[in-house]
Amino acid sequence: MNQEIHINFPNHISLTIKRDDLNHPFISGNKLRKLKYNLLQAKAEKKDTLVTFGGAFSNHIAAVAYAGKEQGFKTIGIIRGDELFNKIEENPTLKFAQENGMQFEFVTREEYRHKSDISFIEKLKEKFGDFYLVPEGGTNELAVKGCEEILTAEDAVFNFVCCAVGTGGTISGLINSALPNQKILGFPALKGDFLTDEIRIFAKQDNWNLISDYHFGGYGKINLELIEFINTFFEETKVPLDPIYTGKMVFGVIDLIHKNYFPENSKILLLHTGGLQGIDGMNIKLKQKKLPILKSNG
């Protein structure tokens, strides 16, 4: 569903947000897209267990847990941070995943860095038996295939399509399905230049650019300016934004509009990639820091 943002911008620029956050109550946004063909492949391979990776407040972990329950898979989450072992009840994401049947394997941050090593995967197979492996963040060729279905015929009117970037799967799908007249802009949620190489693995066109000025210090980092922006945007539009991905992207796009980055009369489409389940966890942290909490309803 595309929702026009009724805010007056300079240079006759219009902003529309694709509400992929509404495509499923619990596996929303790009997670539903990324898992679609992976789950079909797991069934084709007659696998009954999904194994994946994620951190304490991972949207991906929550999505895989619910998708597994919905589709009849056993799910196992390899969680970064062994200190989280006895803190499940305090963590809204892990609690949700566990309530939906996910079994956890907590590993140290050092061990987690080796999650892609063959020896690490073999140890998991020894412990859990045969399984279908879903990468951290869900990005692989099948995930990109799912994300190539995000843009539809009604989106042909837009000159720019903007999205947040985590592992690069979503933007790769947008790049591959975009029309010749469309430019895809990605706003990384992480610091560093490694994402360009990751995207080039899957991207089939050169119609894209990464804008790395709006990560607010890195993954999961947030400040008062971003909190106030997200809350004001919600009050004006009734569109809730998550603070890790979409909130930073929308902040970046609007800032660039006011800096005259976009040509006059540009029609811009923003992709809402979901991730709203993470707001509860972030609000716990914000309360501890005595900062305002994020609004997402009411």
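Structure above, values below:
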| quantity | calculated |
| --- | --- |
| Solvent accessible area, Å² - residue 212, 1.4 Å probe, full protein context | 50 Å² |
| Sparse-neighbour loop sites [trypsin sites (Lys or Arg not before Pro); region 1-84; at most 14 other C-beta within 10 Å; DSSP] | 46 |
| Length-normalised contact order for the chain - Cα pairs under 8 Å, 6+ apart - percent | 23 percent |
| Pairwise label distance in nanometres, residue 289 with residue 221, each label 7 Å out on the Cα-Cβ vector | 1.0 nm |
| Compactness relative to 2.2 N^0.38 Å, alpha carbon Rg of region 157-249 | 1.13 |
| Residue-normalised accessible area of region 1-78, given per residue in Å² at a 1.4 Å probe | 42 Å² |
| Read-out Cα extents along the principal axes in Å, derived from the coordinates shown; its label in (i) 60, 46, 33; (ii) 84, 34, 29; (iii) 77, 44, 31 | (i) |
| Translational diffusion of region 96-170, µm² s⁻¹ [Kirkwood Rh, Cα pairs; Stokes-Einstein; 20 °C; 1.002 mPa s] | 136 µm²/s |
| Amide H partners (placed H, <5 Å) of residue 104, local residues excluded | 77 |
| Computed FRET value (nearest 0.05) for residue 71 with residue 228, which takes r as the C-beta separation and R₀ as 35 Å | 0.30 |
| Qualifying trypsin sites (Lys or Arg not before Pro) in region 190-298, DSSP loop, other Cβ atoms within 10 Å at most 15 | 191, 204, 221, 238, 259, 289, 290 |
| Accessible carbon and sulfur surface of the chain relative to its total accessible area, %, 1.4 Å | 50 percent |
| Rounded accessible area of residue 106 (nearest 10 Å², 1.4 Å probe) | 40 Å² |
| Rounded to the nearest 10 Å², the accessible area of residue 26 at probe 1.4 Å | 100 Å² |
| Solvent-accessible area per residue for region 123-219 (1.4 angstrom probe, square angstrom) | 46 Å² |
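The values are calculated or read from the model by the stated rules, or taken from the named source; none is laboratory data. Because the structure is a prediction, the values reported are computed rather than measured. Note that each Cβ is placed from the backbone with ideal geometry, even for glycine, and that neighbours are counted across all protein chains shown. Note: areas computed on protein heavy atoms with side chains; ligands, DNA, RNA excluded. Shrake-Rupley method; radii C 1.70, N 1.55, O 1.52, S 1.80 Å.
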